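Worksheet: one structure, shown below.
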Amino acid sequence: MKELQRENYPKANKYLRRATELSPKDPIFLTQYGIVLMEMHEFEQAMDVLRAAHELDAKDPDILFSLLKSMHIWACFGMRETMPNNI
């Protein structure tokens, strides 16, 4: 995705949100969308999207890495009390 590579996160967000609406069971779109949400500091929403991607493809290491990264960032921002217990 060119907009993600260019770090144009608002535009990437728009395209990937639409892609996930059209293909809600595509773990690649969900993962990319989750990464964009992280870059936009939407950590809670990113975790939700990345959890959905992980449920669709639990063996993909990129999905798991992105999910764990979002959870780590969430924890570092002092959100430990509201952090989910399950991946």
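The values are calculated or read from the model by the stated rules, or taken from the named source; none is laboratory data. Everything quoted here is computed from the prediction, not taken from an experiment. Glycine gets a Cβ as well: all are built from the backbone with ideal geometry, and neighbour counts include every protein chain shown.
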Checklist entry - Can you tell me which residue in the range 44-62 is farthest from GLU7 (Cα to Cα), limited to those that are at pLDDT below 95 and surrounded by 21 or more Cβ atoms within 10 Å (Cβ to Cβ)? => result MET47
Checklist entry - Residues of the range 26-49 being of a type in the set (A, V, I, L, M), within 13 Å of LEU16 (Cβ to Cβ) and in contact with a Phe, Trp or Tyr (Cβ under 9 Å, 6 or more places away or on another chain), which ones? => result VAL36, LEU37, MET40, ALA46, VAL49
Next on the checklist: Just to be sure I understand, how many residues within the range 7-37 are surrounded by fewer than 21 Cβ atoms within 10 Å (Cβ to Cβ) and either touching a His at 6+ places or on another chain (Cβ under 7 Å) or among the aliphatic types (A, V, I, L, M) (or both)?
Outcome noted: 3
Next on the checklist: When the residues of the range 64-74 are narrowed to those that are closer than 20 Å to PRO10 by Cβ and within 10 Å of the chain's Cα centre (by Cα), which ends up modelled with the highest pLDDT?
Outcome noted: SER66
Checklist outcome for this item: Restricting attention to the range 17-63, the residues that are in a helix (DSSP H, G or I) and more than 13 Å from the chain's Cα centre (by Cα) number exactly 6
